[in-house]
Amino acid sequence: MRRLVAYYCFIIISIMVALGFLGAQDLPQLIGAIIFYPLAVYFTLLVSPRRQKAIHIPKVSVVPVATRLPDEQASPNFDFDRRMFLKLIGSAGMSLFFYSLVTKRGEAAFFGSVPGPGTVAIKDTTGTKIDPAIKQPTDGYRINQLDDTSSATYSYYGYTNKDGDWFIMRETTSGVNVGDYRYYKKKTTDGNFSATWSSRASLSPYDYFDAIF
Amino acid sequence: MSKAFLFLCTLLAIFISVSGFLTSPSLVQFIFLPVPLYLIATSVGVFRSSRAQPEVVLSSRRSGLILAIFFFSFLLAFKLIGLFLP
């Protein structure tokens, strides 16, 4: 029973050390793996077989086959500790493989942050999880044209995407509403960007971002 | 030396287990629990009797220790290079 617990500890510590070293992304995680290492050394030395012959081969004289007895053909003096060690090493390797399939960050469970199954999460500076897959309504648009000279009050910024959709952002550069940003998005009745850009000042309505998108 | 190594491993195992339970008290921590329990039981047995020998005697495992140090140096160097020289 005691031997079994020792082998269990060896497997657990080996998995933790392997995951700790392979998965360390920064210095604190590497220090965590280093802390585990003396334990791995201890249990490896504990379960590894001592130097001795795996199979006891007695010196025997050659006996003719016809006179050999059946029970002499196999020697019972095998080193069963070594056999058990090799089996456990194999099972530890398999356990490590399957464990790595189940969880990508197994060591995180031991150091305070339990990861979700297969979830990729990014945290902002306050620690709140944010979804990196959120699509913004202006994703894919690129600046196409800028006009900050034709009007004393407004500057216009034209954006298009690869599908030909476009929107115009209007910035108020003077007057009491300086700093206002309003948007106009292409309607179904509008033409393409280059045709409409010339009439940007007369487009209506320019409105808040949430009202347009 | 072997007793000191056993004592060090026991302290480390206790530290890992206790800090794990304090920071993230979950059922996963019980997977690691046999390790400190085993080491505590071994340490108590060794330190209670002055004539008792530790299970792992370092002086007779010199080649294993050298291999462990070599392997540790390799892992550490590999990881440090990966972290600081991307």
Just checking the output field for A:11-21: average partner chain Cβ neighbours within 10 Å of each residue's Cβ?
2
Sticking with the crude label model, points 7 Å out along Cα→Cβ, report the distance from A:K135 to B:L37 in nm, one decimal please.
5.3
Taking B:76-83, A:7-14 and ranking on average Cβ neighbours within 10 Å, highest first, one gets A:7-14, B:76-83
What value, in deg cm²/dmol to 500, does the helix sum -39500 (n - 2.57) over DSSP H runs of n ≥ 4 give at 222 nm once divided by the residues of chain B?
-24500 deg cm²/dmol
Residues B:S73 and A:V178, FRET efficiency given R0 of 45 Å [Cβ-Cβ distance, rounded to 0.05]
0.10
Does anything in the range A:164-178 have its amide N under 13 Å from the 7 Å Cα→Cβ label point of A:N144, and if so which residues?
A:164-169
Average beta carbon contacts from partner chains per residue of A:33-40, 10 Å cutoff:
6
A:L27 versus A:D190: modelled label distance in nm, points set 7 Å from Cα along the beta carbon direction
5.2
For the pair A:L86 and B:F47, what calculated FRET efficiency results from E = 1/(1 + (r/R0)^6), where r is the Cβ-Cβ distance and R0 = 30 Å, to the nearest 0.05?
0.35
What average number of partner chain Cβ atoms lie no more than 10 Å from the Cβ of the residues making up B:72-83?
4
I need the shape label for the range B:3-84. Rule: rounded when a/c is under 1.5, else prolate if a/b > b/c, else oblate, with a, b, c from the alpha carbon gyration tensor.
oblate
Give the separation of the Cα centroids, the range A:123-194 to the range B:1-65, in Å.
63
Within the range A:113-213, report the trypsin sites (Lys or Arg not before Pro) that DSSP leaves as loop and that have at most 13 other Cβ atoms within 10 Å.
A:K135, A:K162, A:K187
For a protection proxy built on the mean count of beta-carbon atoms within 10 angstrom, sort B:51-58, B:3-10, B:32-39 highest first, please.
B:32-39, B:3-10, B:51-58
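A short reminder: the numbers here are calculations on the coordinates, not readings from a lab. In this text the structure is predicted, and so the values were computed from the model without any measurement. Please note: Cβ atoms are built from the backbone with ideal geometry, for glycine as well, and neighbour counts cover all protein chains shown.
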